[in-house]
1. Can you pull out the residues in the range B:200-220 that are acidic (Asp, Glu) and in a loop (DSSP other than H, G, I, E, B)?
2. Any residue at all in the range A:4-25 that's in a strand (DSSP E or B), closer than 30 Å to A:Cys135 by Cβ, touching a helix residue (DSSP H, G or I) at 6+ places or on another chain (Cβ under 6 Å) and within 10 Å of chain B (Cβ to nearest Cβ)?
3. May I ask you to say which residue of B:Ile292, B:Ile256 is surrounded by 15 or more Cβ atoms within 10 Å (Cβ to Cβ), assigned to a strand (DSSP E or B) and in contact with a His (Cβ under 9 Å, 6 or more places away or on another chain)?
4. Assess whether B:Glu324 counts as being over 27 Å from B:Val193 (Cβ atoms), in a helix (DSSP H, G or I) and either touching a residue at least 40 places away in the same chain (Cβ under 8 Å) or away from chain A (no Cβ under 14 Å) (or both).
5. Test each condition in (1) within 12 Å of another protein chain (Cβ to nearest Cβ); (2) of a type outside the set (S, T, N, Q); (3) surrounded by fewer than 21 Cβ atoms within 10 Å (Cβ to Cβ) for A:Leu37 and report the one that comes out false.
6. So, of the residues in the range B:84-100 that are in contact (Cβ under 8 Å) with a residue 60 or more places away in the chain and among the hydrophobic types (A, V, I, L, M, F, W, C), which turns out to be farthest from B:Val111 (Cα to Cα)?
7. Could you check how many residues of the range B:267-287 are closer than 27 Å to B:Ile381 by Cβ, surrounded by fewer than 22 Cβ atoms within 10 Å (Cβ to Cβ) and in contact with a helix residue (DSSP H, G or I) (Cβ under 8 Å, 6 or more places away or on another chain)?
8. Exactly one condition in (1) modelled with pLDDT under 95; (2) within 21 Å of the chain's Cα centre (by Cα); (3) not hydrophobic (A, V, I, L, M, F, W, C) is false for B:Arg124; which is it?
Amino acid sequence: MIVTAQKPLDEILDFLSPYNSILVAGCDGCTQPPRGLREASTLAQLLELGGKLRSKNFNLRVTTLPKQCDSYLTLTTLQTQIEGIEAILSLACGLGVQTITQVLPDIPTFPSQNTLFIGAEIREDSILEERCAACGDCMLAITGGICPIARCAKSLLNGPCGGSQHGKCEIDPEKDCAWDMIIKRLEKLGRLSALEEIRTPSNFGQVVRPGRVGV
Amino acid sequence: MELSAKQQKVALKINEEYCSSCAACSSACPFEAIKRDPETDKMLLEIEKCQVCAICYSSCPAKAIDIIYYDIHSLTRYLENAKEEYKSDSLVIMCKGSAPDFQDVEKLFGVSNFVPLSVPCVGRIPPELLLKSISPMGIKKIYILACDEDYCRFERGSSITGRRVTALNVFLEQFGYAKELIKLKRNSLKVKVDRNKCISCGNCVFYCPYDAAKLEHGAASFDLELCRGCGLCVTLCPAFALDLEHWEEDRISALISKLPKEKKKTNILVLRCQWSTFPKLEGEFDSNVHVIDMPCAARVDPLHIMEAFQNGIDGVLIAACPEEDCKSQTGSKEARRSATALKKTLSQIGLEERLHFCSVAPRYPEAFREELKQFKVRIEIACSKEVRQ
């Protein structure tokens with residue numbers, strides 16, 4: 001899931017200030033926390049209140065899309081809803097904003113979110129945590145199902161570093177050391193010997209930006 | 001200044017002068033709050049455990065329990081006045097938990113004109129009141145609406161009422177009254193799901209305190225036997241796919257949009273968990289304080305709070321139970337979390353003071369009034385600041 005955090009309302013109000021009629025578009029896709037119709041409605045209410053305090057009366061409409069990163073779904077869902085709309089505020093990740101920009105080039109689209117990372121939802125701890133860095137050269141088979149690229153602050157291929165302390169990371173002692181977890185995991189699986197081989201630099205050239213595959 | 005527990009007025013007391021230590025209260029109490037002291041033989045109430053269901057009050061044969069809420073005298077007085085007002089000889093006593101709306105009572109019992117009495121749990125009604133209402137008050141038919149037994153927020157309130165009704169009916173028939181003069185129905189308010197709107201986020205599955213939700217064929221589905229109607233899933237559903245009977249999204253919005261506003265005063269909306277503080281039977285607050293009862297603070301929806309602000313409400317006060325008293329397990333905790341998050345967002349547009357979350361318990365009847373009083377002062381200050389700017 002793509003994890004996002006809402007931008008400060010001031011920032012959103014600033015870039016929306018030249019417009020009056022705005023469509024606030026939620027995304028029912030993978031954004032976390034969910035940014036669907038409820039979130040879009042709440043944001044619209046907040047902007048309306050915030051606008052009033054700045055003597056600005058927005059005319060806000062609210063909608064949601066099945067997934068904003070699908071150009072066809074986005075165009076077909078939105079094209080019937082944009083009459084009189086001067087700007088669109090997207091609650092999706094950066095993909096959503098750019099897909100709307102592509103399919104509706106005549107209307108400026110703005111992000112209400114900062115897109116953070118690909119995160120797992122660890123419900124029991126009430127956290128969303130980065131677990132995959134989309135590096136294009138997956139090594140989870142070797143590392144016991146724990147990714148050192150995403151979960152080690154230094155993205156070390158051969159770890160742990162000297163900063164691993166009591167299973168925690170020296171960069172942020174709140175977080176677990178990925179390499180400590182990998183070693184314990186491989187020990188449990190009886191595959192610790194897999195780490196005897198020094199891993200050479202990963203082929204990050206698998207994905208040249210912008211990444212693209214045919215479907 | 002916060003009063004310590006000892007200094008505060010409490011809702012319930014055992015009057016030692018009348019108490020014969022029969023322990024009827026202790027065996028009826030669902031929360032083990034009353035015990036007999038083996039040394040002195042006195043009945044001891046542990047107020048911190050008491051949830052003020054008043055089942056002890058309605059069970060005590062010696063009238064040795066003094067209670068602040070809905071004592072027999074105020075109930076009698078209310079019924080006498082209400083009988084005049086509604087001009088009916090049918091009485092409907094309903095638990096707030098299962099019938100927040102008089103219209104629905106009409107549907108359930110088929111009576112359109114009746115004297116309504118709405119209380120938090122029917123288990124608190126002393127049998128004496130039912131007999132009094134028949135004679136001398138002249139009530140011809142009594143309908144009691146209780147929650148399903150396993151849904152009762154006070155565990156035994158519904159089942160005890162069931163037994164009392166059976167016994168009273170036998171007794172009344174023997175005395176020549178109509179058969180089944182007291183009619184009991186059970187009703188529980190539960191979640192409704194629109195599977196077409198579900199986006200399979202899994203929030204309901206994770207947050208339901210009763211494990212009533214699961215994802216089935218790509219959409220949420222509920223085991224209604226397990227649902228306890230707290231409304232937490234409804235508030236957390238990002239797609240408006242869930243709703244709660246009687247506390248529907250639209251119904252609450254409509255209530256908020258219709259609130260009468262006082263022009264010259266600050267307007268306060270209290271979103272009150274109906275178990276956190278009990279209302280008086282007649283007229284509660286000043287005309288600028290509006291109250292909407294919730295099945296649990298978990299049903300308090302940030303969207304409704306925003307709607308209230310849009311509708312000219314100056315301050316919203318959420319009254320929840322302390323977490324350890326919550327009748328829906330995690331409801332109060334999640335409500336606090338949600339209110340804290342909303343307050344943080346509101347602070348970005350300078351409105352954080354307009355929302356306050358308080359936890360209060362009916363065992364301290366003055367706690368809520370004190371919170372409200374302080375909140376009113378803060379809102380008045382906040383509003384006067386804005387006018388000056």
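1. Of the residues in the range B:200-220, the ones acidic (Asp, Glu) are B:211, B:216.
Within the range B:200-220, just B:Asp211 meets the criteria.
2. Start the filter on the range A:4-25 by keeping residues that are in a strand (DSSP E or B), which leaves A:4-6, A:21-25.
Okay, now just the ones that are also closer than 30 Å to A:Cys135 by Cβ, so A:4-6.
Retained after the next criterion (residues that are touching a helix residue (DSSP H, G or I) at 6+ places or on another chain (Cβ under 6 Å)): none.
Checked against the condition, which is being in a strand (DSSP E or B), closer than 30 Å to A:Cys135 by Cβ, touching a helix residue (DSSP H, G or I) at 6+ places or on another chain (Cβ under 6 Å) and within 10 Å of chain B (Cβ to nearest Cβ), the range A:4-25 yields no hits at all.
3. On the way: B:Ile256 fails: assigned to a strand (DSSP E or B).
The conditions single out B:Ile292.
4. Details: over 27 Å from B:Val193 (Cβ atoms): yes; in a helix (DSSP H, G or I): yes; either touching a residue at least 40 places away in the same chain (Cβ under 8 Å) or away from chain A (no Cβ under 14 Å) (or both): yes.
Taking the combined requirement at face value, the residue satisfies it.
5. Only one criterion is unmet by A:Leu37, namely (3).
6. Pass one, the range B:84-100, residues in contact (Cβ under 8 Å) with a residue 60 or more places away in the chain: B:95-100.
Okay, now just the ones that are also among the hydrophobic types (A, V, I, L, M, F, W, C), so B:95, B:99.
Working: B:Cys95: 17, B:Ala99: 14 Å.
In this case the residue turns out to be B:Cys95.
7. 1
8. Every condition holds for B:Arg124 apart from (1).
The values are calculated or read from the model by the stated rules, or taken from the named source; none is laboratory data. All of these numbers come straight from a predicted model, not from anything done at the bench. All Cβ positions, glycine included, derive from the backbone under ideal geometry; neighbour counts span all protein chains shown.
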